[in-house]
Each structure stands twice: as structure tokens, then as C-alpha cells.
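Okay, so here's the structure we're looking at.
The values are calculated or read from the model by the stated rules, or taken from the named source; none is laboratory data. Just so you know, these numbers come straight off a predicted model, no measurement behind them. Methodologically, a virtual Cβ is constructed for each residue, glycine included, from the backbone with ideal geometry; neighbour enumeration extends over all protein chains shown.
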Amino acid sequence: MISSVKQAHRNELTQLLLIPSLLFFILMFMFEHFQLDLYFADWLYQLEGATSGWPLRDAWFTRHIMHDLIHDIVVAFAILLLFTIIASFKINRLKAARTGLIYLLLTMLITTIIVGILKKVTHVNCPWDLIRYGGLQPYVDTFSALPANVKPGQCFPGGHATSGYGWIGIFFICRLYWPKWQYWALSAILLFGFSLDIDQQTRGAHFASHGLWTLAISWWVSCIAYLLFLKAKVTISNK
């Protein structure tokens, strides 16, 4: 019985963490090697009919709705989640959901913190900063050192995409409690995150790989917390 449980854990570790990570790093190698970031950004830039600067950078829908309003809604939801967790210590019918809610809020916060720190230390410029798109800075590969004459940016990984991809934990909660809904939840979160990511790309705020890195960080945080905390705590409580 114990060996079968360990085998199931290894299988999940392989399926949920190791294989996705391997595929992700292969994809990121292709992005860097073939400069796919520039390819997709050039295509969007031309699609917008731009000649100097990104036309959708400050457009009403892309900035005020998809960026500012969505950001405020997500912050409000996170605050509501916090108050619900606090209320679960007083309201018995919320007690059963407490572990999942704590897991969801913590994974979102940890993801946001990691992305925020990386944005400050990676010094990657946004597309709208680049000479190629009407800015002042030359393009430098994501993982290359900045030349002395290049002003450091704070655009990698994608911050706004965290508002969508940061809720990947919902997939793992569904996987544990409501397995038949897990892939519906995953699809919804990926679609939400991608919509925020593509919005930022059309504004010139990020390259495609920036959002993919945010997705990967969100996945790693939520998956590791699921394997080490959420699943273990639920298993113990059910004994």
C-alpha cells in the first residue's frame, strides 16, 4: 500500500512538474535561439500599423479596462479571499474550505513576489523602450548582460499576466477535490492569463516569452505547494 502511494506521488511529480518543466525549457531555448520574441512583436507591431510607438499602448480598452480595471478586480478578489480565510475561523461551514483558500492565496502572493523581484533584477527592457519600436534602447537578448550604454528596464517576467496565471492553484484544488473539473479550471485560467498577456503584448509592454515565464513560475509555485502542502495536509486530515 505504501509503495503504491509513493509510486503515485512519483507519477504526479513526473507528470505535473518534471515533464512540463522540460518542455518549457525546450520552448524557451527555441525562443532565444530563433529570436521568436522579435518575430511575434514585429508581427503585432505591423498589425497595428505602427511606425513609431505602439498605438494601443494607452488605448482605452487595452490600458484602462484590460490592465487597470482587471488589476483592481484581482486585488479586490485577493482581499476578499483573505477575509474569507479569517472568517473561516469563526464560521464553521467555511472551515472545510480553509486549507484550499490559504493555499490559493499564498501561491498567488508568492508568485507575485517572485515575479516582482525578478522584474527588478533582470533589467530587461519592454518592447516600447526599444529603438526597433520607436523607443531609445537597443534590443538585448533576455539572458545577455546589458551593455554599459543601455538603460536597465523592469519588464521581465510579465507582471500583469500574474493576475491571470497566478490563479493556477485553482487547477490543483480542483484536481484534489473535484477531479472532473480540473481541466475546465485549467483552461479557464490559461485563457484568462493569456488574454492579459496578449493585451500587454499589443501595448508593447512585454514580449511573448515574458508571459510564458510568468506562467511557468506560477505553475512551479502552485505545483510544488500542491505536492508538499495541499495534498499532504488533505491526506492527513482524511485519515
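Condition check: in contact (Cβ under 8 Å) with a residue 40 or more places away in the chain and touching a Pro at 6+ places or on another chain (Cβ under 7 Å). Does residue 50 satisfy that? No, not satisfied. Restricting attention to the stretch 118-140, the residues being assigned to a loop (DSSP other than H, G, I, E, B) and under 24 Å from residue 216 (Cα atoms) number 6.
Determine whether residue 202 is farther than 25 Å from residue 8 by Cβ and either touching a strand residue (DSSP E or B) at 6+ places or on another chain (Cβ under 8 Å) or free of Cβ contacts under 8 Å to residues at least 60 places away in the same chain (or both).
No.
Restricting 61, 77, 89 to those that are at pLDDT 95 or above, over 22 Å from residue 192 (Cβ atoms) and among the aromatic types (Phe, Trp, Tyr) reduces the list to 89. Restricting the stretch 109-151 to residues that are over 19 Å from residue 200 (Cβ atoms) and surrounded by 14 or more Cβ atoms within 10 Å (Cβ to Cβ) leaves a set whose member that is modelled with the lowest pLDDT is 146.
Against the condition under 17 Å from residue 227 (Cβ atoms) and at pLDDT 95 or above, how does residue 18 come out, does it pass?
yes
Among the residues making up the stretch 177-199, those that are without any contact (Cβ under 8 Å) to a residue 60 or more places away in the chain and either in contact with a helix residue (DSSP H, G or I) (Cβ under 7 Å, 6 or more places away or on another chain) or of a type in the set (Phe, Trp, Tyr) (or both) are 178, 181, 182, 183, 184, 185, 186, 189, 192, 193, 194, 197. Scanning the stretch 58-117 for residues that are of a type in the set (Ser, Thr, Tyr) and out of contact with any helix residue (DSSP H, G or I) (no Cβ under 9 Å at 6 or more places or on another chain) gives no hits. Among the residues of the stretch 141-196, count how many are farther than 18 Å from residue 212 by Cβ, of a type in the set (A, V, I, L, M, F, W, C) and assigned to a helix (DSSP H, G or I). Residues meeting the conditions: 9. When you check residue 19 against the structure, is it farther than 22 Å from residue 127 by Cα and in contact with a Ser or Thr (Cβ under 9 Å, 6 or more places away or on another chain), yes or no? For residue 19, the condition - farther than 22 Å from residue 127 by Cα and in contact with a Ser or Thr (Cβ under 9 Å, 6 or more places away or on another chain) - is not met.
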